[in-house]
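First comes the structure, then the notes that go with it.
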There are 2 protein chains.
Amino acid sequence: MVVTKRDITIKDVAKTANVSVATVSRVINGLDRVSEATRKKVLKVIDELNFVPNTIAASMVNKKTNMLAVVVPEIQNPFYTAVIGGTVEVAKKAGFVTLVVSTNGDEAEESTYFESFLGKNADGFILIGTHKTADFYQTIRKPTILVDRYIDNSGHDGVMIDNYRGAYEATKHFLEYGHTRIAIIDGKHDFNDGKDRYWGYQRAMVEGGVSPDPKYHKQGSWLEDSGYQSTLELMQAEVPPTAIFAANNLICQGAIKAIRDLNLEIGEDISLIGFDENELAEFVKPKVTVVRRPTREMGTQAAEMLIKRIKDKSTDETNPKKVILDVELMKYGSVKKMN
Amino acid sequence: MVVTKRDITIKDVAKTANVSVATVSRVINGLDRVSEATRKKVLKVIDELNFVPNTIAASMVNKKTNMLAVVVPEIQNPFYTAVIGGTVEVAKKAGFVTLVVSTNGDEAEESTYFESFLGKNADGFILIGTHKTADFYQTIRKPTILVDRYIDNSGHDGVMIDNYRGAYEATKHFLEYGHTRIAIIDGKHDFNDGKDRYWGYQRAMVEGGVSPDPKYHKQGSWLEDSGYQSTLELMQAEVPPTAIFAANNLICQGAIKAIRDLNLEIGEDISLIGFDENELAEFVKPKVTVVRRPTREMGTQAAEMLIKRIKDKSTDETNPKKVILDVELMKYGSVKKMN
């Protein structure tokens, strides 16, 4: 586990109580040859400093708490709640309580969480991480499964989906229907998922003999507002695209709202494919074609792997395992045939 | 805290180690007059049984963990995630980590959670409870704020909204616009929120001189499917209603989908008011009139009250405080003028 400078040590106790470390140790371990007055003084300082003796801390850490923690960037996105749902289902059957923590996409908050009492006491973690480099993940010593976002050299198992193929298939579908002015709206390429979707799109375009036009790549955030704004800009350009690939669920929802506000018809005036199912893609007529990923299964798969790691300590931690789940292009009526 | 039969006691340790309780106590407290062999045997049993001595448990319990737990029936409903969002915001500023647990609307799961290691170690709870009677809540000894659902005699503070007035205002709005065949779709009346909405509707009807027709009360679950089915049934009846009050966000979403599938026009063929904002009510044209409640504020208010309870131990716990937040009827275009 992460050890922070804020942890109170036996030395702090000794210094504050104005006794030797050996004396504090004798008190903690209940040994004799400590006067009652000293014992009381040391216990008072231990209490005041909120000090947990290592022996106790170690004993608590070694005990199974039968709790898993799922750490996600936010819980307002249905993708994350679906992953959590899958985790809870498996964990419950195996006798584990699942807790959820949102890091708000903030690296410092993510660290704080792992340094907290809870971070130290959960039996294992399912982590959709916010940190972008491997060093943070390497400090996590408990069984941990990275979900969706994988960081190489993190030292942990991962459960991902084939983002690359999903975006590739979506773009290829546009091309097969005769589109060439194909836009992509995505967010920052901080993690593999975003990067892979972009390069899947690129490859399909190039393989299809279409040179991707940079003005049709709108990169903002991964949130709805950004999808909305980018769609407005694309459709109000001098030569608007005939097709838009919205690279996540929220961007897709934003695109649908922008298309509605522009009084355009999906599948007629503009073709649209989203990545991930979402409430609006399913609601509008025609339904929006989406790359469907097995969100709930990502949670069940991760929970199974995690519980195995917790129970079977002999598992080879030097050889992390990556599981890649497949995606499926669900074709509805939102792509117009141009040829 | 809840004490369960599954808790291992010092007696279990003594029995298993085949020594007296006094001996175990001497080992735990580090006193002398215990042979090294006995000491080792007792420690081994303590370890095997996963026993946490009361002194340690008490010490751990008394120590602040700086963690709050939010316990909700599910996390796929945006109402709950909004409450959580508000809680996290306030908790973070006050230096608390917030964890979230979903009970899946299951009383046993809710109990399990409170009996778990985490339930014993959080500094306090924000609870949207699943238990229906006060006795469960009375067993929770840590600072706890009940949100949305309040159980009388629970012994805890509460943060609620004025469900009664919300439903009353919605129904009155229908009546003022000349509707008399006004249906209500709701779920089970397990908690005050559901009950109050139903009786707010009833009172407005009776005050408006309209006798509520039982065939216009569709009671199913609080989920989308139920709203969908109930709307189909209502609209396919011999004399369909002219107005529907959908008593929560998911029922409202189901109603909107049913109206779409029946090729009816909201605000023209059928008037609709929902309780709580939701993605679809906001998306369709015209927007659906809703009773808006301050969901995020419920979370911030509850977190503030909880942190005060945790920090200020002198607070009078025998006199729980109820805070009722107000609601607002947001009038959009989904109610047709009939007069």
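Read-outs: derived from the displayed coordinates by stated rules, not from any lab. What you see is a predicted model; the values in this text were computed from it and never measured. For neighbour counting, all protein chains shown are included, and Cβ atoms are generated from backbone atoms with ideal geometry for every residue, glycine included.
Quick rundown of the values:
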read-out: Whole-Hz ³J(HN,Hα) from phi, Karplus 6.51 cos²θ - 1.76 cosθ + 1.60, for the range A:183-199, glycine and proline x; value: 9, 10, 10, 9, x, 5, 8, 6, 10, 4, 4, x, 4, 5, 5, 5, 6
read-out: Relative contact order, percent, chain B [alpha-carbon distance under 8 Å, six or more residues apart]; value: 17 percent
read-out: Chain A: angle of helix A:249-261 to the longest principal axis, Cα-based, in degrees nearest 10; value: 40 degrees
read-out: C-alpha long axis of helix A:295-311 to longest principal axis of chain A, angle in °; value: 30 degrees
read-out: Phi-based couplings in Hz for the range A:241-247 (Karplus 6.51, -1.76, 1.60; Gly and Pro marked x); value: x, 9, 9, 10, 9, 9, 7
read-out: Cα-based shape type of the range A:196-254, given that a ≥ b ≥ c are square roots of the gyration tensor eigenvalues and the cut on a/c is 1.5; value: oblate
read-out: Cβ neighbours within 10 Å from other chains - mean over A:110-119; value: 4
read-out: Other-chain or far-sequence residues with amide H under 5 Å of A:Thr144's (modelled H); value: A:Phe125, A:Asp157
read-out: Residue order, fewest to most beta carbons within 10 Å, for A:Ile259, A:Ile140; value: A:Ile140, A:Ile259
read-out: Order by protection proxy (mean Cβ within 10 Å, highest first), peptides A:203-210, B:250-257; value: B:250-257, A:203-210
read-out: Exercise: per-residue mean of other protein chain Cβ atoms within 10 Å, A:40-47; value: 1
read-out: At 7 Å out from Cα toward Cβ: A:Asp261 inter-copy label distances (nm, ascending); value: 3.0
read-out: Amide H within-cut-off set for A:Tyr332, under 5 Å, with H built and near neighbours excluded; value: A:Thr289, A:Val290
read-out: Additional length obtainable on full extension of the chain from B:Lys92 to B:Asn263, 0.36 nm per residue less Cα span; value: 56.8 nm
read-out: Proximal aspartates and glutamates to B:Lys331, defined as alpha-carbon separation beneath 14 angstrom and excluding residues fewer than eight positions away on the same chain; value: B:Glu169, B:Glu176, B:Asp276, B:Glu277, B:Glu282
read-out: Estimated inter-spin distance, B:Ile10 and A:Gln236, nm [label 7 Å along Cα→Cβ]; value: 7.5 nm
read-out: Candidates B:Ala281, B:Ala108, B:Ala183, ranked by Gaussian network fluctuation over chain B, Cα under 10 Å, top entry; value: B:Ala108
read-out: Per-residue average of Cβ from other chains inside 10 Å of B:95-108; value: 4
read-out: Cα gyration tensor category, rounded, prolate or oblate, for the protein assembly as shown with a/c compared to 1.5; value: oblate
read-out: For chain B, convex hull of alpha carbons as volume per residue, Å³; value: 150 Å³
read-out: Cα long-axis angle, helix B:78-93 against chain B (0 to 90 degrees, to the nearest 10); value: 50 degrees
read-out: Share of pairwise Cα separations in the range A:163-293, more than 18 Å, in percent; value: 45 percent
